[in-house]
Structures are given as C-alpha cells and as structure tokens.
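For reference, the structure is listed below as structure tokens.
What follows is calculated from the coordinates using simple rules that are stated; it is not laboratory data. What you see is a predicted model; the values in this text were computed from it and never measured.
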Ligand code: NAD
C-alpha cells in the first residue's frame, strides 16, 4: 500500500524510515506540504494518506481525497478534531489515529510550562547569560501543598495527576466521564475552578469543550491561579483569557496550543512580521509562556507514533480490524 505523508518534517522521516523495512507491504512518499483542500489532489493514486494535528481535513479536503481514491486517513497523533468525520463516514474513508503514544511526554511538558511560567527559568537563563545576576521579576510560588485541578482525567490527565502528586500537591479531577478506577478526587467543574492553584487542561476539543475556559469560568477561578493548556487551543477563549490576564487574574499561564496555531505551528517564521495580533498580545505578557505544540515531542513518543501508525496501516492493508479507528 502506498501512503502519502503530508506536512513531513525531518524528524518524521527519521523515525518512520527506521522501522519501515519491517513493513514490506507499505511504502511511503513524504511531502513537506501540509494537507489542505489545495494539496489534497496530490493524493491521486494513493490508497492512504498520513497527516498531523495541523492539517486541514475539513469537508472540502475529504471530498477531494475521496475523488483521488483515498480509502484511509492515518492520523499520526492522538487528537482528530481537525477531521470532518461525517464526511469521511459518508465516503467510507476510514480514519485511524494513535490514541496513546506517551502520555508522560505531554504531561511532563505541561509541568515544564507550569514551572517555567511560575519560576521564570526562561528569563533567568537569559539574565544570567547577560551577567545580570539580580532576582528582579523572578519570584514564583511553591506548588508544594497547593491544589492541582486536572480537567480531563484520561491518559495524559492521569500522568499529570501523578506528576502533581510527586510535587506534594492535592489533586482534583473533573471529567465528563469520571473513571471509578482512577485514583483521583473527582469534583464538579465549578469546585475544581474555585479550589485549584494550578489548572491543567487535558480533555479533547469537542463541541462541549470548545471555549470551556471563558470569561465565566475564569471568574470562578482563584486569583493568582496558574493555567496550563497542552490539549487544544479551542478549549480556551483567547480574547477572554487575555482580558483575564490584563485584570491580573493569573499568576502564570502556560500554553502549548492556541486557537490560531494552524497557520504557523511548526514553521520557522523568524524574521517575518507576525500577522496574528492575538499571539502578539499573548507574547507581550511577562507571565505567559508559549511553546509551539511540542508536548508530544520526545524520542519515546516519536518511536511509538511511527510504530502505531504503521501498525494501523498494516492492519488496514491485511483487512484486519482497525483497533485505532476513529468513528466519532
Ligand atoms: P484521553 O482520551 O485518554 O482522555 C481525555 C479525557 O477527557 C477522557 O477521560 C474523557 O472522558 C475526558 N473528556 C471528554 N470530554 C470531556 C468534557 N466535555 N469535559 C471533561 N472531560 C472530558 O486523551 P489523552 O490521550 O489524555 O489526550 C488528551 C488531549 O491531549 C487530546 O485530546 C489532545 O487534544 C491533547 N494532546 C496534545 C498533545 C500535544 O502535543 N500538546 C499531544 C497529544 C494529545
């Protein structure tokens, strides 16, 4: 089976090429161009395509892929909120994903963001390199004995809960589908917002969770809260977050994902004029730490992503049950 990879980076090629010889029935063609309605036509002659979080797999793209004869969309990521699943079902195109590759990779990055934004290590690094050994502007808060609120207690949320416990924090969880097997104190969303000193978002982006963090939910949070989002940008109403930051609601905010990310994520735009005023405003705040959707980016995660993606492709090729199929 021939697979066309969209939006490929050097590290994707490195990790997929390392194991491809184990799958002689599969062949890969790598494209740097990302998947969009304009590039979907390049899939002519390919039975499967492979895409990442920043691809546009809306109705128009799916229609175009269908016209080219594509039967399988391999998402080399966990999230699939960028795929129009109604359209793929309509055309009988299967969608498979990598449900859990390294929850710890994302959770560890969530804590790294919380710590960096809290203790200003990014600024301390620059200051020391400039021979400025003063501590101005670097004061943080202890996490020990504080309360962490985990929204979405799935694989990544529970990894974050373990990390927070390691810091000596009390851990609260909110989930639309609480898991009784999880060792976590479940509370309502309002209780979590009111009691948490650190709030970390780990639920998927769905119709229900879109703009879960908004003016009303921010008002319910403690003053001086630390908010971390490593899940999806659409969970947060950015304009209302900015309003909250300006009012001094947050001690720190750490964002690995943000609403406008798709046109710039994974691109080197240094030396160009930033067109997004929302991002420019976020970057202007001293207590906001932004990274570019890198939570997944560890060696272990990339090994698992390439392995599970090719397993998904091989299962489809052999007509076996697609265990990681996404249907809704
Ligand atoms: P998961 O499916 O294991 O867990 C998600 C949890 O959210 C589940 O327990 C589910 O019940 C809960 N949930 C669903 N709807 C909810 C709602 N309306 N309110 C509260 N909770 C709700 O997923 P996971 O592997 O832990 O991943 C979580 C998210 O992390 C993904 O959806 C993805 O968006 C994001 N992610 C980000 C990166 C990154 O690089 N930053 C990498 C991987 C995943």
Problem set entry | Computed over region 177-240, Kirkwood Rh from alpha-carbon pairs, angstrom | 12.6
Problem set entry | Shape call, region 26-69: gyration tensor on alpha carbons, a/c limit 1.5 | oblate
Exercise. If one takes the longest principal axis of the Cα atoms in the chain, at what angle in degrees, from 0 to 90 and to the nearest 10, does the Cα axis of helix 155-166 lie?
Worked result: 30
Seminar exercise, completed: As a Kirkwood estimate from alpha-carbon pairs, region 28-172 has a hydrodynamic radius in angstrom of 18.5
Problem set entry | Principal semi-axes in Å for region 281-324 [√(5λ), Cα gyration tensor, largest first] | 38, 11, 6
Problem set entry | Projected area averaged over orientations for region 206-328, convex hull of C-alpha atoms, nm² | 10.2
For this session: Please give the helix 10-19 orientation as an angle from the longest Cα principal axis of the chain, in degrees from 0 to 90, rounded to the nearest 10.
Result: 60
Problem set entry | Value of relative contact order over the chain, rounded to a whole percent, pairs C-alpha under 8 Å and six or more apart | 18
Seminar exercise, completed: Taking Cα atoms, the helix 299-317 axis meets the longest principal axis of the chain at an angle in degrees (rounded to 10) of 30
Exercise. What percent of all Cα-Cα pairs in region 103-290 falls in each 10 Å bin, counting up from 0?
Worked result: 9, 37, 37, 15, 3, 0
Exercise. So what's region 72-142 giving for Cα Rg divided by 2.2 N^0.38 Å, two decimals?
Worked result: 1.89
Seminar exercise, completed: From DSSP H assignment alone, runs of 4+ in the chain each adding -39500 (n - 2.57), the sum over residues rounded to the nearest 500 puts [θ] at 222 nm at -10000 deg cm²/dmol
Exercise. If you average over every viewing direction, what projected area does the convex hull of the Cα atoms of region 46-85 give, in nm²?
Worked result: 2.5
For this session: Take the alpha-carbon centre of region 61-128, take the same for region 191-234, and report the distance between them in whole Å.
Result: 19
For this session: Provide the three semi-axes, in whole Å and in decreasing order, of the ellipsoid equivalent to the chain as defined by the square roots of 5 times the Cα gyration tensor eigenvalues.
Result: 36, 22, 19
